[in-house]
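Single-structure report; data block below.
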Amino acid sequence: MSLRLTMLPARQGDALWIEWGERPWRMLVDMGTQAVGTALRRRIAALPREQRRFELLVVTHVDEDHVGGTLPALVDEGPIDGLEFGDTWFNGWPHLQDLPVRSTLAALGPVQGERLGRWLRAYPWNAAFDKAPVAWQPGLPLRRHELADGLRLSVLGPPPTRLPAYRETWRRDVAEATATGRLEPEPATSPSPQIQPLGVRRRPKRPALATPDDLAALADTVSDADPSLANGTSIVLLLDYRGHRVLLAGDAWSDDLVAAIRAIGDGQRLSLSAFKLPHHASESNVSRTLVEAVDCRDWLISTDGTRHYHPGAAAVARVLRYGTPAPRLHFNVRSEFNGWWDDADWRARFGYETRYGDATDGLALAWP
């Protein structure tokens, strides 16, 4: 096996289990919701004890459907025998301060009252960044981090300005959660990262797509920009292993992604083996400009459509209309909203393929 990425069932969130090499080596990116964390704990515990080392754990940002599973998986039930992480990349409360990116964690003060932060203090935490924030630094050479067996990671987000911009929102959400009883009060100065303000979207209807003009009209729908400051803090990773490159975008803002892609390219589309679309293919995060910035056939979408009804039909239409010809859409589980695209007439008319995972194991992609 060379490289294998599994989008686990993660409810409306992300939980990516990545393996590479003959050993194999492993890393995790996000852990879905709290309910997903329990299943992830069982999956880790099912590994032989000697295989419970992960080279890296990445928690892309603090929305509940990305960070929520970390506590039931790693903290609430105590340690898993033999579990070890070579490093953890996570921008917690101390990394939201308006300080230079290369500052050390010690200069940022204590991280009391933050359950995940307390757990992380016993382990390597942003060690590859000298305990400073994990962020893309515009104007500086791209920094590549090499893991075991030559797997390389480049950080393409967030821009460092996104972190302090989220600070007051974090404070407000935690205060509200404490007042309403959704979060137990804690005596710390740094709030907990588990709170996600949830908006309510109108339930979408299946689009009517009879002609290429219909698809174009849907793709060209005007979409509001993502207003979530939390999403703007997402860690974005470009994974490179033996000629295979995979872009993992968390819930990042489209404009930030385009800026980073253009900064590392030479004016050409960035060639990718796969692209995990941002924010579960929300139409607010998947713009035409973003789709046109990459050369990619395999597009990954992780969501069961609950709560926010992702993927957005306009976002998928942009991939089909403006992306590389003959795209393949990969969904970790089947849902009402991604099931619309499992239409033989649409596939033939618009020239794409679909693939769906299952509710137990999700969906895996492998590259030799």
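I want the antiparallel fraction of DSSP beta bridges within segment 1-101, as a percent rounded to 5.
Beta bridges within segment 1-101, antiparallel portion: roughly 55 percent.
Mind giving me the FRET efficiency for A344 and Q268? R0 is 41 Å, r the Cβ-Cβ distance, nearest 0.05 is fine.
0.75
Looking only at segment 64-98, which residues have a backbone nitrogen under 20 Å from a spot 7 Å from the Cα of A45 in the C-beta direction?
68-85
Please check: in the Gaussian network model of the chain (C-alpha springs, under 10 Å), which one of A46, A314, A260 has the largest mean-square fluctuation.
A46
Which FRET efficiency value, to the nearest 0.05, is calculated for Q137 and D214 with the Förster distance at 56 angstrom and r the Cβ-Cβ distance?
0.85
Taking the Cα centre as origin and putting +1 on Lys and Arg beta-carbons and -1 on Asp and Glu beta-carbons, what dipole magnitude results for segment 3-367, to the nearest 20 debye?
220 debye
Suppose a student asked you for the relative contact order of the chain, using Cα pairs under 8 Å spaced at least 6 residues apart; what percent would you report?
So the answer I get is 17 percent.
Name the trypsin sites (Lys or Arg not before Pro) in segment 239-348 that are in a loop by DSSP and that have at most 15 other C-beta atoms within 10 Å, would you?
R242, R269
Taking other Cβ within 10 Å of each residue's Cβ, how do V291, V222 sort, fewest first?
Listing V291, V222 from fewest to most nearby Cβ atoms yields V222, V291.
Tell me the Kirkwood radius of the chain: reciprocal of the mean inverse pair distance over distinct alpha-carbon atoms, in Å.
Radius from the Kirkwood sum: 20.8 Å.
What range in the chain is the longest one free of GluC sites (Glu not before Pro) that are in a loop by DSSP and have at most 16 other Cβ atoms within 10 angstrom?
78-335
Expressed as an acute angle from 0 to 90° and rounded to the nearest 10, what is the orientation of the C-alpha long axis of helix 167-179 relative to the principal long axis of the chain?
Taking Cα atoms only, the helix is inclined about 80 degrees.
Once you sort the root eigenvalues of the Cα gyration tensor of segment 271-335 as a ≥ b ≥ c, which label holds: rounded (a/c under 1.5), prolate (a/b larger than b/c) or oblate (the other case)?
Prolate, because a/c is 1.5 or more and a/b exceeds b/c.
Along its principal axes, what span do the Cα atoms of segment 42-95 show, with the longest given first and each in whole Å?
33, 20, 16
From the residues A132, L218, L270, which one has its Cα farthest along the dipole of the chain in the positive direction, the dipole being from +1 and -1 charges on Cβ of Lys/Arg and Asp/Glu about the Cα centre?
L270
When the chain is fully extended, how far beyond the present Cα-Cα distance does R203 get from R242, taking 0.36 nm per residue of separation?
Extending this stretch completely gives an extra 9.8 nm.
None of the figures in this text is laboratory data; all of them are computed from the coordinates on show. Model, not experiment: these values are computed from the prediction. As a convention, Cβ positions derive from the backbone with ideal geometry for all residues, glycine included, and neighbour counts pool all protein chains shown.
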